[in-house]
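A short worksheet on the structure shown next.
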Amino acid sequence: MARKVLVLGEVRDGQLRNVSFEAVSAAKTIAEGGEVVGVLLGESVNQLAEELIQNGADKVVVVEDEKLAQYTSDGFAQGLLAVVDAEKPEGLVIGHTSLGKDLSPRLASKLNSGLISDVTGIEVTGDNIIFTRPIYSGKAFEKKIVTDGLIFATIRPNNIAPLEKDESKTGEVSSLSVDIKDLRTIIKDVVRKASEGVDLSEAKVVIAGGRGVKSEEGFEPLKELAQVLGGAVGASRGACDAEYCDYSLQIGQTGKVVTPDLYIACGISGAIQHLAGMSNSKVIVAINKDPEANIFNVADYGIVGDLFEVVPMLTEEFKKLKVNA
Ligand SMILES: Cc1cc2nc3c(=O)[nH]c(=O)nc-3n(C[C@H](O)[C@H](O)[C@H](O)COP(=O)(O)OP(=O)(O)OC[C@H]3O[C@@H](n4cnc5c(N)ncnc54)[C@H](O)[C@@H]3O)c2cc1C
């Protein structure tokens, strides 16, 4: 059954986040040959519409307003609800990012719809679209179908492959004027914590440090390895609590959930709360002095040793591989 499916294009620092392209791909599956409509909300986001179309959207609706320059749940909900009202979609897909996690329950309640959150896979079987999502902190997966009403899902970054970009693809871009009003919060400025390089939640490679790195300086070899591999640095709560790094790096049940292609855990014991944030990574490498550490139970490759010897060795070897590639 062909459906119209809306996708929110998430913009950060004037650029579309990768998860937006993954959301377009998810929407394409849900649309089953129907129309995928990108939605852009912001102050001057019109110029990003073409990129959303080249990545698979059939058309894009843009809502521009200075009150949407910074994300607020009030403002973005008003903008997106207006587009839903105008387009009357059968499906809606948003990234399961901080923004998506904040916005989606509000939308679901306003639209009186269900919500399948944190989706990691979508397949069409006969008449059903089956959504897979992790439960019990990633220890099990459940499969869900929507039997009635709007098919509304948030998708976990790095799990659903984006479509191939087609630079020759064109589509209609229209703007919708929405009276964004009665905002309870006005964000005047966003001061970001200094974060270098790749965005942790979308990184293909994550080098994470735990209490075993022993100090703030102990993160330096991890940063170097991350740089060589084009990855991001993450941390366990143990490392954050010990003030070796900022809490924005924390991975786990009460931190970020990541699913990179490669996760290298350095000096992390593998507490269940940490595993909740990384155990679905595609390849896990653990470096730990303790051969009994729990992290080895989820690792594909385990290196028993001192991270301060192993990490620089890996960095050197990867550098050589890159030179010879
Ligand atoms: C409600 C709740 C929520 C939580 N949420 C999270 C969360 O989101 N994320 C999270 O990570 N934790 C979370 N925790 C904390 C979690 O239970 C653990 O305490 C924490 O993950 C431990 O961090 P760690 O592995 O870095 O430290 P440790 O458990 O102290 O492990 C350090 C490891 O480093 C190894 N090591 C030491 N020196 C070296 C060396 N030179 N080379 C190699 N290995 C070395 C040791 O063998 C050890 O295995 C939560 C806890 C609670 C109660």
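So here's what we get for this one:
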{"read-out": "Residue satisfying condition, being out of contact with any helix residue (DSSP H, G or I) (no Cβ under 9 Å at 6 or more places or on another chain), at positive phi and modelled with pLDDT of 95 or more, within set Lys88, Lys143", "value": "Lys88"}
{"read-out": "Qualifying residues in region 239-256 (those that are of a type in the set (A, V, I, L, M) and over 19 Å from Asn294 (Cα atoms)) - the one farthest from the ligand (Cβ to nearest atom)", "value": "Leu249"}
{"read-out": "Checklist (1) in a helix (DSSP H, G or I); (2) within 25 Å of Ala161 (Cα to Cα) applied to Gly75, failing item", "value": "(2)"}
{"read-out": "Residue under evaluation Gly209, criteria (1) surrounded by fewer than 19 Cβ atoms within 10 Å (Cβ to Cβ); (2) in contact with a strand residue (DSSP E or B) (Cβ under 7 Å, 6 or more places away or on another chain), criterion not met", "value": "(1)"}
{"read-out": "Within region 182-217, tally of residues that are free of Cβ contacts under 8 Å to residues at least 12 places away in the same chain and within 14 Å of the ligand (Cβ to nearest atom)", "value": "1"}
{"read-out": "Number of positions in region 218-238 that are β-branched (Val, Ile, Thr) and within 14 Å of the ligand (Cβ to nearest atom)", "value": "1"}
{"read-out": "Ile287 vs. criteria part of a helix (DSSP H, G or I), near the ligand (Cβ under 8 Å from one of its atoms) and at pLDDT 95 or above", "value": "no"}
{"read-out": "Qualifying positions in region 153-171 - in contact with a helix residue (DSSP H, G or I) (Cβ under 6 Å, 6 or more places away or on another chain) and either without any contact (Cβ under 8 Å) to a residue 60 or more places away in the chain or part of a strand (DSSP E or B) (or both)", "value": "Thr154, Ile155"}
{"read-out": "Tally of residues being over 19 Å from Asn280 (Cα atoms), free of Cβ contacts under 8 Å to residues at least 60 places away in the same chain and of a type in the set (A, V, I, L, M, F, W, C) across region 292-307", "value": "2"}
{"read-out": "Test result for Val257, within 29 Å of Ile155 (Cβ to Cβ) and modelled with pLDDT under 95", "value": "yes"}
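The values are calculated or read from the model by the stated rules, or taken from the named source; none is laboratory data. Everything quoted here is computed from the prediction, not taken from an experiment. Note: ideal-geometry Cβ built from the backbone for every residue, glycine included; neighbour counts use all protein chains shown.
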